[in-house]
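Heads up: the structure comes next, in structure tokens.
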Amino acid sequence: MRRLRGMRPESAWIPAFAGMSGIDVRAFAELLDRLSLTASRNAKLTLVRDYLRETPDPDRGWALAALTGDLTFQAAKPTFIRKAVEERMDPQLFWWSYDYVGDLAETVALVWPRRPGANREPGLAEVVEGLQAASRPEVQRLIEGWLDAMEEPRERWALLKLMTRELRVGLTARLAKRAAAELGGVDPAEIEDLWHALHPPYEDLFAWLEGRSEKPSADNPGRFRPAMLAQAIDEAVDFARLDPADYAAEWKWDGIRVQLVHEAGVRRLYTRTGDDISRTFPDVVDALFEEGVIDGELLVMRDGPNGRTVASFADLQQRLNRKSVDAKLTAAYPAGVRAYDLLAEGREDVRTLSFAERRRRLERFVARQGSARIDLSPLQPFEAWAELAALRAQPPPGDPQVAEGIMLKRWDSIYEAGRPKGPWFKWKRDPFLVDAVLMYAQRGHGKRSSFYSDYTFGVWAEADDGRRALTPVGKAYFGFTDEELRQIDKFVRDNTVERFGPVRSVRAEPHAGLVFEVAFEGLQRSGRHRSGVAMRFPRISRIRWDKPPGEADELATLERMLAQMEGR
Amino acid sequence: MIRPQDLLCPKPEGLYCAPGDFYVDPVRPVARAVITHGHGDHARAGHGAVLATEPTLDIMAERYGPGFVEAKQAAAYGEIVDRDEVAVTLVPAGHVLGSAQVVVRWKGLTMVVSGDYKRRRDPTCAPFEPVAGEVFISEATFGLPVFRHPDDREEIARLLRSVAQFPERAHLVGAYALGKAQRIVALLREAGWEKPIYVHGALERLNALYQRHGVDLGPLEPATTAAKKAFAGEIVIAPPSTLQDRWSRRFPDPVTAFASGWMRVRARAKQRGVELPLIISDHADWDELTGTVDELRPGELWITHGREEALARWAELHGVPARALALVGYEEEEDD
């Protein structure tokens with residue numbers, strides 16, 4: 001059901017829409033506004049699909065790139081804009097406005113004074129191309145000029161969101177691509193598979209979707225294949241209906257998921273979102289001597305007296321986010337890939353084979369490479385779910401001790417892009433828990449802008465003067481229900497000790513204050529935190545209204561946990 | 001020397017005019033009242049005598065029954081009515097049907113009470129008329145620079161576009177029963193929407209009242225009779241409180257819209273679960289509030305209710321002495 005450009009569904013009653021046509025940022029702003037307030041997945045699809053149908057190239061392509069997170073300009077932080085707005089209006093009036101709205105970008109978008117006779121309004125393509133070409137100091141002048149020219153607060157809001165490259169309108173990249181697929185009546189998997197061969201503003205994609213040209217080619221050697229992801233298992237429901245004989249189990253390693261490619265002489269290492277990190281890991285990229293594509297976990301692995309062992313995530317972080325590496329670094333933090341799956345062997349695409357068959361091929365493939373930088377993620381045999389549960393709670397000695405949990409994969413599952421329901425599950429280890437005391441609260445964003453929803457919490461430690469004092473150990477902004485948020489918000493307002501802008505410090509004494517049970521995935525040493533430890537993925541697991549803060553945990557408890565994690 | 005506070009001064013009951021012995025929009029029963037418009041927080045029952053425009057008196061009778069007051073007196077816009085030593089004139093405020101500013105003159109002193117007002121065109125009521133005076137007494141419901149209402153025609157176009165985009169769903173528009181609901185209907189008619197518009201039962205009497213006063217609303221149907229599927233692609237107007245009520249379940253997967261100036265702030269829309277916020281208000285926005293002060297250049301600005309501190313600061317920065325009266329009893333968080 002492909003449609004030619006410009007054709008509309010027959011029955012639709014579409015009013016003449018003054019101001020909507022031709023002014024591209026306005027239509028894009030309206031799209032973002034509606035997406036952010038729409039909960040239904042189908043309604044979101046309709047909104048994006050109609051926008052893509054009605055907006056000309058290249059604007060719609062830039063919009064699609066914004067929605068899928070594929071814009072590449074240097075993101076600008078909204079902080080500079082506060083100064084710019086205070087140069088244009090009374091700071092007291094601005095402060096009252098900000099205090100009322102709670103969100104900086106939205107406040108600025110609303111209060112920015114009009115400048116009659118300013119430049120004409122920019123189109124979306126002009127904005128994106130302008131941001132791509134601009135140097136950092138130029139970006140600020142560009143944004144201010146565009147804000148002056150825009151008539152409607154919604155447009156200014158969209159520009160300020162676009163500038164940060166984080167739209168946060170509740171739309172996944174997958175859903176945006178599905179809307180494009182609907183536009184052309186093609187299978188969403190076709191677009192997923194093609195995606196990494198495409199570049200914004202995707203004129204070739206739209207030409208194909210509208211039946212004006214051939215399908216763009218995905219066969220560029222060394223390309224990324226979209227990754228297959230697992231769903232979190234629901235213990236209460238899934239185990240009752242799943243047959244253990246249908247599933248293979250393996251450990252979920254605590255590194256980053258990668259794809260290692262060697263194809264027609266091109267060697268690449270990609271993250272699971274398709275970012276090319278080959279330059280950061282030359283030692284790993286060279287490890288594949290045969291052609292093929294493997295899916296695995298990137299880890300720091302060291303050879304020792306007990307064979308090869310996996311190092312902590314903190315060690316891997318020493319290598320991530322570095323543009324270039326030297327021999328010293330690769331020797332100190334030797335990285336490698338622990339292989340989970342095989343996507344291509346030689347020139348043969350094996351993704352449509354069953355997991356059982358791919359696994360057989362993977363074992364032979366890895367063995368043939370004979371590399372210290374690639375090894376096989378072992379399968380964990382089991383008969384019954386209860387047995388697997390026991391293994392998860394008490395992993396066997398060796399590397400499984402530091403695994404994040406267990407993966408379950410159907411033996412007959414093909415390798416599908418995205419997060420399909422049913423074939424793969426992740427079953428994470430239970431989190432670590434501590435009781436910590438609420439110390440500071442900060443206003444949230446968006447729906448939560450009127451609530452204090454971001455919490456910094458601490459545990460007891462001995463201060464320099466020998467007294468027992470709270471030291472911050474982390475920050476969390478989810479894990480509670482809306483009702484609990486209202487209660488905590490009230491607590492914060494009733495127990496404020498001091499205010500610093502959007503942050504309040506909250507009463508936290510041995511006999512007065514609020515205790516959170518905080519869940520987290522792991523701990524690592526940190527020079528940036530006063531406490532010396534940093535939590536991974538902390539969230540509020542329970543609110544302990546019943547517990548006096550004096551009985552919350554000590555820093556020593558966290559230090560013991562950390563020593564345990566490092567020691568095993 | 002005559003001081004403004006000798007003519008009008010704030011009291012717990014409301015703004016009191018001593019030389020004329022009456023209150024403007026009193027929040028408690030008093031002997032003599034002048035009422036600016038028919039919204040419940042301004043027009044209360046139980047006064048001894050009421051002076052207001054004909055439509056406002058009609059609205060009060062519709063709401064409270066014909067015996068809502070012992071003695072009522074209607075004044076036409078511009079007519080001079082003497083209350084003891086004071087000459088009272090009602091002047092259009094552009095807020096809702098019958099809404100008026102109260103202009104009081106006494107011993108050469110003129111003071112203007114805006115009541116609730118807006119400066120934009122509204123097909124359902126007479127437009128605001130600026131009146132110069134020594135003191136302008138303004139509302140400030142939307143007295144913060146964040147409140148900037150867009151062109152209402154564009155908001156109506158957004159609604160109609162959504163109706164075209166989601167033909168399988170009903171569009172349920174929350175609108176204040178007096179004024180806003182009728183204005184939305186009239187704006188839809190101006191935008192070319194000729195189909196029947198479905199209305200909640202709570203709006204029917206006020207719709208009929210508007211029609212009796214010559215406001216053409218086109219074909220209206222009760223939103224109760226048709227089968228659920230029949231509402232697909234239709235527009236339904238209802239009081240805001242019904243949006244999340246069980247009442248809304250009778251419509252197919254409704255798109256919840258809400259016509260209000262508060263919808264300018266996204267968190268407000270999210271908190272109420274509004275999917276399509278329509279920023280349409282019967283109150284002056286920040287630019288209208290400040291623009292009116294700038295146009296009238298009164299010797300003093302008094303502010304009755306709303307966000308007084310920001311408007312007062314703006315006025316002081318622009319050379320107009322300002323004073324917040326902080327009158328209580330007018331709903332700041334009303335549905336408008």
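The values are calculated or read from the model by the stated rules, or taken from the named source; none is laboratory data. Predicted, not measured: the structure shown is a model, and the values here were computed from it. Using ideal geometry, Cβ is built from the backbone for each residue, glycine included, and neighbour counts are taken over all protein chains shown.
For the reader, a short list of remarks on this structure follows.
- Filter result for B:H200 (over 19 Å from the mean Cα position of the chain (by Cα), surrounded by 15 or more Cβ atoms within 10 Å (Cβ to Cβ), away from every other protein chain (no Cβ under 14 Å) and under 27 Å from B:R266 (Cα atoms)): yes
- Residue that is closer than 30 Å to A:L260 by Cβ, in contact (Cβ under 8 Å) with a residue 40 or more places away in the chain, surrounded by fewer than 19 Cβ atoms within 10 Å (Cβ to Cβ) and among the charged types (D, E, K, R), where the choices are A:E166, A:E144: A:E166
- A:A125 vs. criteria surrounded by fewer than 20 Cβ atoms within 10 Å (Cβ to Cβ), away from chain B (no Cβ under 12 Å), assigned to a helix (DSSP H, G or I) and among the aliphatic types (A, V, I, L, M): yes
- For A:P15, the criteria (1) facing chain B (nearest Cβ under 10 Å); (2) crowded, with 16+ Cβ neighbours inside 10 Å; (3) at pLDDT 90 or above hold in every case but one, which is (3).
- Among the strands (runs of 3 or more DSSP E) confined to the range A:466-511, the ones with at least 2 residues that are farther than 22 Å from A:P548 by Cβ are located at A:496-500.
- Taking the range A:142-202 as the region of interest, the helices (runs of 4 or more DSSP H) fully inside it that hold 3 or more residues being modelled with pLDDT of 90 or more, under 20 Å from A:A417 (Cβ atoms) and away from chain B (no Cβ under 14 Å) are A:173-184, A:188-194.
- Enumeration of residues in the range A:497-539 that are in contact with a Phe, Trp or Tyr (Cβ under 6 Å, 6 or more places away or on another chain) and within 30 Å of A:W95 (Cβ to Cβ): A:V503, A:S505, A:L514
- Assessment of the range A:409-425 against the conditions (part of a loop (DSSP other than H, G, I, E, B), in contact with a Lys or Arg (Cβ under 8 Å, 6 or more places away or on another chain) and within 30 Å of A:S97 (Cβ to Cβ)) yields no matching residue.
- You will find that of A:L67, A:L71, the residue that is among the hydrophobic types (A, V, I, L, M, F, W, C), in a helix (DSSP H, G or I) and away from every other protein chain (no Cβ under 14 Å) is A:L67 and no other.
- Exactly one residue out of B:A164, B:A257 is assigned to a helix (DSSP H, G or I), within 14 Å of chain A (Cβ to nearest Cβ) and modelled with pLDDT of 95 or more, and it is B:A164.
- Tally of residues being farther than 25 Å from A:R279 by Cβ, touching a strand residue (DSSP E or B) at 6+ places or on another chain (Cβ under 8 Å) and in a loop (DSSP other than H, G, I, E, B) across the range A:303-346: 1
- Only one entry of B:E129, B:E134 meets the criterion of being surrounded by fewer than 21 Cβ atoms within 10 Å (Cβ to Cβ), more than 14 Å from chain A (Cβ to nearest Cβ) and in contact with a helix residue (DSSP H, G or I) (Cβ under 7 Å, 6 or more places away or on another chain), and that entry is B:E134.
- Test: residue in the range B:268-287 that is away from every other protein chain (no Cβ under 12 Å), among the charged types (D, E, K, R), touching a residue at least 60 places away in the same chain (Cβ under 8 Å) and in a loop (DSSP other than H, G, I, E, B): yes
- Yes/no for B:R183 being part of a helix (DSSP H, G or I), under 27 Å from A:Y100 (Cβ atoms) and more than 13 Å from chain A (Cβ to nearest Cβ): yes
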